[in-house]
1. If you roll a 1.4 Å probe over the chain with all protein chains in place, what percent of the accessible area is carbon or sulfur?
2. In whole Å, what is the distance between the alpha-carbon centres of segment 1-40 and segment 173-217?
3. Ordering ASP60, ASP380 by how much accessible area each has at a 1.4 Å probe, largest first, what is the list?
4. Taking a quarter of the surface of the convex hull around the Cα atoms of segment 34-79, what do you get in nm²?
5. For the pair THR35/LYS376, report the inter-label distance in nm, with labels modelled 7 Å from Cα in the Cβ direction.
6. Let me make sure I get this right: for segment 76-199, a, b and c are the square roots of the gyration tensor eigenvalues over alpha carbons, sorted descending. Under 1.5 in a/c it's rounded, otherwise prolate if a/b > b/c, else oblate. Which is it?
7. Quick one: compute a quarter of the convex hull surface over the Cα atoms of the chain and quote it in nm².
8. Whole-Hz Karplus ³J(HN,Hα) for segment 358-374, in order, using 6.51 cos²θ - 1.76 cosθ + 1.60 and θ = phi - 60°, x for Gly and Pro?
Amino acid sequence: MKNLSKITEIEDLRRVAERKVPRMFYDYVDSGSWTETTYRSNETDFDRIKLRQRVLVDMDNRSLATQMIGEEVKMPVAIAPTGFTGMMWADGEIHAARAAEKFGVPFSLSTMSICSIEDIATHTSKPFWFQLYVMRDHEYVANLIQRAKDANCSALILTADLQVLGQRHKDIKNGLSAPPRPTLANIVNLMTKPQWCMNMLGTKRHSFGNIVGHAKGVDDLSSLTAWTEEQFDPRLSWDDVARIKDMWGGKLIIKGIMEPEDAIMAARSGADALVVSNHGGRQLDGALSSISALSDIVQAVHAENSDIEVWLDSGIRSGQDVLKARALGAKGTMIGRAFLYGLGAYGEDGVRRALEIIHKECDLSMAFCGHTDINKVTTDILVKCTYENLKVANR
């Protein structure tokens, strides 16, 4: 393990990753759709919520340990499913999964990962979660679900907010692809990233491992590009959720809920958890930030008397963000960019450091707010007007 003790915040990891990772892949992670308004508000709206400091309370024996869909976790954080993860660092999904397993939080693998479902199963010892994009090719989708079952995945994450792809200007300008196309601009940029290049030379995993060789007619980069452009299914509906739930037969998480009406539908679908998420500001620009949407969704689920768990994704860059989300009713959270910055900076060691930073920030902030058990944290740790004003301003 590298000594990363001088890396003290997620921003440190972001700056290192920006230097080390090729431009198109760094931009893929560190950007949103259109004007990136929602991408930015995901972070800034967290900052507007203020904490109440308490003193002279017993701060000994603190614990962030809890459960997410019945699984024991060291803190209420899971690594979110992210595409192109293996382009931030060679075999990136394997490294991230190992770091998550060692630390004690769940790892989620994306359909659009570079390493395959089987790769992760081979290189880890605990069950992980698999995220499903529903494609027009229903036979391929059924095979994906069966592969996740065969790999002993303990939950299926159905992403509900990518029936069509939001326009991300930087990805278009960069000509995003995996592996990068051998254009002059890409070659020049890669020459400035020697460690990344050396790492990539040491692996055979350079494209989408869950697709190439598994989807009909997808055998190379050109066929893959054409296939992905036409395969996201715009007809996906709540009727499909029931069908997928029956096919899967295990714990189901629905990701991409931003409105109470959809939260009620998710609760009635029989899913085990829903994730309040705007896809990290990468789909509908101008949508609410995830944290400003959380309270209304929690209230809607409670009104249904449903036991579905509400989690939050999009915008979390610190342990304080995790604590604020927990206080506002999220039983769990998911991190994407925070772990990807760590991965791009230092591989598995960087992911471990990102988790350590978030854990320490959450632990110390909880103590300063007068609590020792994450499971007992409520809105009493927040300055009331700051989260209520946020809700009013965004509604």
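1. Numbers: 8540 of 16520 Å².
Ligands and nucleic acids excluded, carbon and sulfur reach 52 percent.
2. Taking the Cα centre of segment 173-217 as reference, the centre of segment 1-40 is 19 Å away.
3. Working: ASP60 100, ASP380 75 Å².
The ranking, largest first, comes out as ASP60, ASP380.
4. Values: hull surface 23.1 nm².
Its Cα hull, projected and averaged over all orientations, spans 5.8 nm².
5. Using points 7 Å along Cα→Cβ, the separation is 4.6 nm.
6. oblate
7. Dividing the Cα hull surface by four gives the mean projection, 18.6 nm².
8. Those phi angles translate into 5, 4, 5, 4, 5, 4, 5, 5, 4, 4, 4, 8, x, 10, 10, 10, 4 Hz.
The values are calculated or read from the model by the stated rules, or taken from the named source; none is laboratory data. This structure is a prediction, so every number in the text was calculated from the model and none was measured. Methodologically, a virtual Cβ is constructed for each residue, glycine included, from the backbone with ideal geometry; neighbour enumeration extends over all protein chains shown. Keep in mind that these areas ignore ligands, DNA and RNA; they rest on the heavy atoms of the full protein, side chains included. Shrake-Rupley method; radii C 1.70, N 1.55, O 1.52, S 1.80 Å.
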